[in-house]
1. If you go through region 320-349 one residue at a time, how many are touching a residue at least 12 places away in the same chain (Cβ under 8 Å) and in contact with a strand residue (DSSP E or B) (Cβ under 8 Å, 6 or more places away or on another chain)?
2. If we scan region 387-404, do we find a residue that is under 30 Å from residue 451 (Cα atoms) and touching a helix residue (DSSP H, G or I) at 6+ places or on another chain (Cβ under 7 Å)?
3. Please specify each residue of region 429-462 satisfying the condition of being part of a loop (DSSP other than H, G, I, E, B) and under 29 Å from the mean Cα position of the chain (by Cα).
4. Considering only residues that are at negative phi and exposed (fewer than 13 other Cβ atoms within 10 Å of the Cβ), which ones fall in region 420-430?
5. Count, please, the residues in region 117-136 that happen to be over 24 Å from residue 81 (Cα atoms) and out of contact with any helix residue (DSSP H, G or I) (no Cβ under 9 Å at 6 or more places or on another chain).
6. State all residues of region 426-451 that are touching a strand residue (DSSP E or B) at 6+ places or on another chain (Cβ under 6 Å) and in contact (Cβ under 8 Å) with a residue 12 or more places away in the chain; if no residue qualifies, say none.
7. Only one of 220, 263, 190, 246 is farther than 27 Å from residue 282 by Cβ and in contact (Cβ under 8 Å) with a residue 12 or more places away in the chain. Can you tell me which?
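The values are calculated or read from the model by the stated rules, or taken from the named source; none is laboratory data. Being a predicted model, the structure only gives us computed values, none of them experimental. Here the Cβ positions follow ideal geometry from the backbone for every residue, glycine too, while neighbour counts run over all protein chains shown.
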């Protein structure tokens, strides 16, 4: 019979005989101990046997002799003083107080224990590690760390605990009881201490402070973690990473083992930490208990609320030791610090790409898997990032939560606001290494570099045409689809891109928001202004490789090169006539329709395109914007000025192929009556 069976045997004897403690102690109990000694039972086991039986006798004896009972709840006591102390539970009386801090207590023993906080006395120390404690029961609890003893067990699941208080907390999991609730928001808790901690969310109280730096905390645990600072006594045997607490080490080790002990009852999702499970469960309940006092935004976690509040306060409590950059969140600081170290600890097993964070690695892996876990409830669009889904939802809601403090313009994306703010500051942080051109965005710099290297990474699947920018490819693809989703409400004209519609609408409104600083000329588009400004600078950066002629804009160079190649990519669907530019085709198509949408307000004459109307209006206004630099002669058209310049230069670029005679003007060649083939003349 082992020592545990002996205990059960003697318990049975005591119940049956109802003997007195003295008799058992002098006879049966002594005999049993001696018997167990002869059988070789260890001293520690005998001590446990004696302690269990001894407690039973005391309990049995005391239960038979409790003459003092409480009038309110019926609790019985062996001593009158014990009854008096108990009555204070009902009356709330606390007659014992601390002379140093004024705190009051219902028991003198509690006061004595409290006073050791001020004196620093720790009378009870551990024989094995030397740890000291102010109270004996704290030492007894600590000893179980060395022995591994867990004498308290749950009757429902059998789980054991080293402290009875831990068992009581655990049992609330089975009962689901949360007896402590918040008066302000109704949140319920299983422990009073958790309720007290929660109340500080509403009051903002931070009663725990660091004696070294003065920083305050709402929880004692936060203070302890702060005080530990850089001390990391617990290290992982797998990867060597160290932690300040054993609990953090245990949570980390699940990364290596893959253990996920906490699972959701609704969807079965498993997690490595209990806090992560609780956060996940809010997805099913939709509960957002934490709200911002300023804007009303609600959050599932207190940490998320605190991070959000820094948007209003502008607080950035986390700063980089190397460059001084400040951040609102600790995680953002840690990610930033990897820029200085260059460390990329997370790598893709398929392609070897390395990343600074595990989150970026997970997002990258979706490229290989094609996974898009986030989808829009309204249109079904799917995304690889949750942030992209949130941004997309604003397309449906029209929400623009980001605004410029200088001009009040609002934006749906924070990136759009940042790019806009560069307009006010004039900052262009990205510059080209080859030509020095500066840009407000990195993407614009990358697109500009393709001008130098000639790279065209975006190609059309239908015709093979290549483009330097993705936007240009998308606009080109509309040629094949024929889709023109943007239409003018006034005249019905349709366009493939929104910007083209906006530019067109200025024809009706007469708006010209872009003006030249030198001469005051106004234009409907920024590109037209840029082309105009080249007149003042005389700059012609684009040159033809075949004849050396230079041009101020790349589009003009492309049209010029068609003279050498003979290319006419734009053809009329009705008659088959081909043209070098789309503008010529559009003008030609009006000859079939006879449509002349542009009319002069003074004389009523109509024109097929706006350029002809502008030139005509100069007849009424007398405006001659093109003047000769040498003689001052002014002209209504640039073409006329170019022809006039031949008078000074003596240039005669038009010649007759039959007789070889040259002319300064094409009109003079037309007037030659002796040659019927004058129309075959070409320009040098």
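1. Going through region 320-349 one residue at a time, the tally reaches 11.
2. So far as region 387-404 goes, no, none of its residues is under 30 Å from residue 451 (Cα atoms) and touching a helix residue (DSSP H, G or I) at 6+ places or on another chain (Cβ under 7 Å).
3. The answer is 429, 440, 441.
4. 424, 425, 427, 429
5. 5
6. 428, 430, 431, 442, 445
7. 246
Per-residue answers, yes or no, for (1) at pLDDT below 85; (2) surrounded by 14 or more Cβ atoms within 10 Å (Cβ to Cβ); (3) in contact with a helix residue (DSSP H, G or I) (Cβ under 6 Å, 6 or more places away or on another chain); (4) part of a loop (DSSP other than H, G, I, E, B):
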| residue | (1), (2), (3), (4) |
| --- | --- |
| 253 | no, yes, no, no |
| 256 | no, no, no, no |
| 259 | no, no, no, yes |
| 267 | no, no, no, yes |
| 277 | no, yes, no, no |
| 284 | no, no, no, no |
| 294 | no, no, yes, yes |
| 308 | no, yes, no, no |
| 312 | no, no, no, no |
